[in-house]
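Below is one structure, written out as structure tokens; comments come after it.
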């Protein structure tokens with residue numbers, strides 16, 4: 001029997017799949033097909049998801065490895081919201097509270113944090129590596145080596161943009177008021193064949209709400225509009241700290257609100273931009289378990305499976321209503 005977990009960080013929805021429980025592990029092609037099958041809401045598997053988080057044995061000294069399969073079957077280098085939920089899964093599996101998880105870009109430090117509210121467990125996860133270099137995103141625009149607070153009229157005429165890889169690529173713009181239609185159009189354009197971001201990019205628009213307080217909305221590569229993007233909120237927090245020093249206090253956490261709720265980030269600026277330190281702190285909510293036979297799982301036959309609710313979603317929604325709004 002195979003058990004999947006339906007989870008979320010700030011309502012960024014995922015399935016966690018622990019490959020180590022299988023007698024025969026999936027190939028990369030099979031993982032891609034699994035992501036497409038599970039995430040499509042039309043398949044009526046717990047309303048789909050934004051991605052599948054695959055747990056493997058680590059190939060180094062980390063506790064385990066995490067891979068991120070997007071809803072379209074592509075693979076992301078990292079996922080901050082997803083990493084929190086995998087951190088909780090591994091914490092409970094191995095009875096550890098402070099450890100490292102291997103990702104494509106780096107081994108990342110994670111640790112259990114104080115609960116956000118009764119029944120709302122939280123984890124803090126490290127976000128790195130950081131790069132502003134065009135070759136690392138990658139992007140191409142007027143031979144720029146990096147893009148920091150630059151006007152790009154080809155995107156939108158009255159906005160400035162900053163590009164940061166953490167290591168997922170992000171394009172960030174600060175606005176007095178987010179125009180969701182323009183965000184969607186730009187995100188769709190830059191994640192279709194285009195001359196600027198050949199591999200696509202996550203696009204985030206942000207509003208500064210006050211001292212160390214942001215609202216961030218993201219059009220996510222491989223997903224589209226999402227309730228929250230962990231690496232997007234992290235990259236936006238770094239851009240905020242750099243570009244808006246009068247609104248930033250390095251000694252305090254940044255509250256980052258999003259359509260799915262709220263997280264905290266902590267940014268410490270270094271001697272160089274790339275030496276900054278970012279931690280993402282937020283919920284790691286398990287909403288359901290899904291049990292299926294390994295034979296049916298390998299065939300992607302989800303006609304017969306057992307689902308049990310954990311009851312945690314009601315507690316998360318109570319937190320959102322009481323502490324966020």
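All of the numbers you see were taken from the coordinates with simple rules; none came from a lab. Computed from a predicted model, the values in this text were never measured in an experiment. As a convention, Cβ positions derive from the backbone with ideal geometry for all residues, glycine included, and neighbour counts pool all protein chains shown.
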GNM, the chain, Cα, under 10 Å: largest mean-square fluctuation among 152, 125, 54?
152
Order these by the 10 Å Cβ neighbour count, fewest first: 257, 219.
257, 219
Quickly estimate the mean residue ellipticity at 222 nm for the chain, helices only: each DSSP H run with n ≥ 4 gives -39500 (n - 2.57), and the total goes over all residues, rounded to 500.
-6000 deg cm²/dmol
Using a Förster distance of 22 Å, how high is the FRET efficiency between residue 249 and residue 271, based on the Cβ-Cβ distance and rounded to 0.05?
0.70
Most exposed first, judged by fewest Cβ atoms within 10 angstrom, 156, 280, 300 run 300, 156, 280
Just subtract the alpha-carbon distance of residue 133 and residue 93 from 0.36 nm times their residue separation and send over the number in nm, one decimal.
10.6 nm
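Hey, what did the stretch 134-275 get for relative contact order, percent, Cα under 8 Å, at least 6 apart?
Taking the mean separation of contacting Cα pairs over the length of the stretch 134-275, I get 17 percent.
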If I fit a long axis through the Cα atoms of helix 180-190 and take the longest principal axis of the Cα atoms of the chain, what angle between them do I get, 0 to 90°, rounded to 10?
80
Among [x] 135; [y] 126; [z] 148, only one was calculated for this model; which label is it, if the read-out is volume of the Cα convex hull per residue in Å³?
[x]
Between residue 180 and residue 154, what length in nm is gained on full extension when 0.36 nm per residue of separation is reduced by their alpha carbon distance?
7.6 nm
If R0 is 56 Å, what FRET efficiency do you get for residue 117 and residue 143 from their C-beta distance, rounded to 0.05?
0.70
Take the Cβ-Cβ distance between residue 321 and residue 225 as r, set R0 to 30 Å, and report the resulting FRET efficiency rounded to the nearest 0.05.
0.85
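Considering only the chain, what is the antiparallel percent among its DSSP beta bridges, to the nearest 5?
So the antiparallel bridges amount to about 80 percent of the total.
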Over the chain, calculate the relative contact order: mean separation of alpha carbon pairs under 8 Å at least 6 apart, over the residue count, as a percent.
19
Using 7 Å Cα-to-Cβ label points, what is the residue 213/residue 58 separation (nm, one decimal)?
3.8
By counting other Cβ atoms within 10 Å of each Cβ, how are 292, 104 ranked from fewest to most?
104, 292
Report the gain in length on full extension from residue 192 to residue 25: 0.36 nm times residue separation, minus Cα-Cα distance, nm rounded to one decimal.
56.9 nm
Taking springs between alpha-carbon atoms closer than 10 angstrom, which of 226, 289, 272 fluctuates most in the Gaussian network model of the chain?
272
